[in-house]
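Just below is one structure, and these are the notes that go with it.
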Amino acid sequence: MDGTGFRWAEARALTVGDIALGDSPALRVQRSDPEGVGVKSTKGRRSRRVPLANRVLPIVLSLSNGKFPSDLLLTTSNGSQLHRSAVLRAVHWQTTGQGRRIHDLRHTAACLWLARSVDPGTVQQWMGHESIATTNRYLHHLGNAAEAAGLARLNAAP
């Protein structure tokens, strides 16, 4: 899901019951379902909460309509579990992906969050990185925009 930073296997394993509503809507990432392996713990072996931005929340809610908490959130139109190859065909990934991998969407989410001044520690938590060093790898993508934003914060009135 765009803007969430999920790994493919984590997205496949999300259930309707993983939706947390309230003041800070989020999805709880608690399991992973790699194709051909079966359900297991996440890569970091810990669950995490990933916030749902205002533009993503209505999509998640519509995907959950008519489903039970134990039902998969992301399914085909007939309710079957998603398979990577079928999804890539359905979205014409060879054209729309422009040479990128589906996993690159995860990296894009991290870069966008950092570019919007989300604290690296928060991005680390949302991404499920064990080490802040992993998250810090994305900082070089920010370039001059991050430097300009930092300077603007330094020059802002206290």
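Numerical summary
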{"quantity": "Residues within region 92-121 that are more than 21 Å from Leu151 (Cα to Cα), surrounded by fewer than 14 Cβ atoms within 10 Å (Cβ to Cβ) and polar (S, T, N, Q), tallied", "calculated": "4"}
{"quantity": "Matching residues, region 16-25, being out of contact with any helix residue (DSSP H, G or I) (no Cβ under 9 Å at 6 or more places or on another chain) and modelled with pLDDT of 95 or more", "calculated": "Gly17, Asp18, Ala20"}
{"quantity": "Residues of region 125-154 classified as at pLDDT 80 or above and open to solvent by 40 Å² or more (accessible area, probe 1.4 Å), total", "calculated": "6"}
{"quantity": "Residues within region 9-41 that are touching a residue at least 40 places away in the same chain (Cβ under 8 Å), assigned to a loop (DSSP other than H, G, I, E, B) and either under 24 Å from Asn54 (Cα atoms) or open to solvent by 30 Å² or more (accessible area, probe 1.4 Å) (or both), tallied", "calculated": "2"}
{"quantity": "Selection from region 72-91 of residues that are surrounded by 14 or more Cβ atoms within 10 Å (Cβ to Cβ) and part of a loop (DSSP other than H, G, I, E, B)", "calculated": "Leu73, Leu74, Leu82"}
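The values are calculated or read from the model by the stated rules, or taken from the named source; none is laboratory data. Because the structure is predicted, anything quoted here is derived from the model rather than measured. Glycine also receives a Cβ, built like all others from the backbone with ideal geometry; neighbour counts cover every protein chain displayed. For accessibility, only protein heavy atoms count, side chains too; no ligands or nucleic acids. Shrake-Rupley method; radii C 1.70, N 1.55, O 1.52, S 1.80 Å.
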